[in-house]
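The values are calculated or read from the model by the stated rules, or taken from the named source; none is laboratory data. Since the structure is predicted, the reported quantities are computational estimates derived from the model, not experimental observations. Please note: Cβ atoms are built from the backbone with ideal geometry, for glycine as well, and neighbour counts cover all protein chains shown.
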Amino acid sequence: MKRIEMTDEEIKREIECLAKNKEQIYEEQKRERERFLNDPANTESLRRVRQKMAISKLLYDIRSKAKLTQREVARRMNVSQTVVARLERAKGDIRLSTLQNFYESCGAKLDLTPVWK
């Protein structure tokens, strides 16, 4: 990776330029975000991401309602605290047995209800 060296004056000018154009930059980012979100090619990918985020939030909410720390849940699940943190951040695919273990460790029962399209 090539290192770019700038003087203090060049950095100052770059910051001033960004500050002057921040509204334009924000608008460009907003348009690009809207294009991405509305592109049919991204529909399935976005659905999966939203689903993972919903599961992640649900796990966090269950643990919080049980008034347990990640470390306490990890001890009950017989895993490391890092594993619990990854579950709550929706990192990787979560197995059903892991979900059941998480719920039980928080004193909850996992109940799956199908939703028909």
- With respect to I4, determine if the residue is without any contact (Cβ under 8 Å) to a residue 60 or more places away in the chain, farther than 21 Å from T113 by Cα and either outside any helix (DSSP H, G or I) or in contact with a helix residue (DSSP H, G or I) (Cβ under 7 Å, 6 or more places away or on another chain) (or both). yes
- Query: Only one of (1) of a type in the set (S, T, N, Q); (2) without any contact (Cβ under 8 Å) to a residue 12 or more places away in the chain; (3) at negative phi is not met by N101, so which one is it?
  - Reply: (2)
- Query: Quick check, is V115 part of a helix (DSSP H, G or I) and either exposed (fewer than 14 other Cβ atoms within 10 Å of the Cβ) or under 22 Å from the mean Cα position of the chain (by Cα) (or both)?
  - Reply: no
- Item | Residue that is nearest to E88 (Cα to Cα), among those in region 1-34 that are under 21 Å from the mean Cα position of the chain (by Cα) and either at pLDDT below 90 or among the charged types (D, E, K, R) (or both) | R33
- Within the bounds of region 37-54, is there any residue that is of a type outside the set (K, R), within 30 Å of K117 (Cα to Cα) and in contact with a Phe, Trp or Tyr (Cβ under 7 Å, 6 or more places away or on another chain)? yes
- Query: Do any residues in region 78-92 that are under 15 Å from K57 (Cβ atoms) have Cβ atoms under 7 Å from those of residues that are aromatic (F, W, Y) and assigned to a helix (DSSP H, G or I), where the two are at least six apart or on different chains, and which pairs are they?
  - Reply: L87/F102; E88/Y60
- What is the residue count in region 39-69 for residues that are polar (S, T, N, Q) and either loosely packed, with under 10 Cβ neighbours inside 10 Å or within 17 Å of the chain's Cα centre (by Cα) (or both)? 3
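Being closer than 24 Å to A108 by Cβ, part of a helix (DSSP H, G or I) and hydroxyl-bearing (S, T, Y) is the filter here; which residues of region 15-73 pass it?
Applying the first criterion (closer than 24 Å to A108 by Cβ) to region 15-73 yields 50-73.
From what is left, the residues that are part of a helix (DSSP H, G or I) are 50-65, 70-73.
Across region 15-73, the qualifying residues are S56, Y60, S64.
For region 52-60, indicate whether the set of residues that are more than 30 Å from L37 (Cβ to Cβ) and of a type outside the set (S, T, N, Q) is non-empty.
No, that holds for no residue.
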